[in-house]
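In what follows, a single structure is set out as structure tokens and then discussed.
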Amino acid sequence: QVQLVESGGGLVQAGGSLRLSCAASTNIESINVMGWYRQAPGKQRELVATVTSGGSTNYADSVKGRFTIARDNAKDTVDLQMNSLKPEDTAVYYCRGQRFWYIYWGQGTQVTVSS
């Protein structure tokens, strides 16, 4: 069983930055895909960004150019640097790991962007 623990959420003004971090309880080199998802009130959970074990990244169109995902295999962490934040980025952000057919989720961290 893999445990994922997020940190770094909070309240920030529009235009500001936050950095989220996801710490895994195992060597993340064994996890094929790590990613960040978010869920706003009344909306479905959506993909924000993913990074594969090979380093390939994928971003939602709404965050391209503003968010950067990076995995640190030495620290077993995956970070999400969020710049130029907008009120519509307000959501609970979840870390997700996929190892073959197994999916793991963190408990989520709240990000609130005020206008």
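The values are calculated or read from the model by the stated rules, or taken from the named source; none is laboratory data. All values derive from a computational prediction rather than experimental measurement. Using ideal geometry, Cβ is built from the backbone for each residue, glycine included, and neighbour counts are taken over all protein chains shown. Only protein heavy atoms, including side chains, enter the accessible area calculation; ligands, DNA and RNA are left aside. Shrake-Rupley method; radii C 1.70, N 1.55, O 1.52, S 1.80 Å.
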| Under a 1.4 angstrom probe, counting protein chains only, how are Val5, Val63 ranked by accessible area, largest first? | Val5, Val63
| request: Excluding residues fewer than 8 places away in the same chain, name every one of the aspartates and glutamates whose C-alpha is closer than 19 Å to that of Lys43. | output: Asp61, Glu88, Asp89
| query | What is the calculated FRET efficiency for Phe100 to Leu11, with r their C-beta to C-beta distance and R₀ = 41 Å, to the nearest 0.05? | reply | 0.65
| query | HN-Hα J couplings of segment 90-106 from phi, Karplus 6.51/-1.76/1.60, θ = phi - 60°, integer Hz, Gly and Pro as x? | reply | 4, 4, 8, 9, 10, 8, 9, x, 10, 10, 6, 9, 9, 10, 10, 10, x
| said: When 1/r is averaged over all different Cα pairs and the result inverted, which Kirkwood radius in Å belongs to the chain? | reply: 14.0
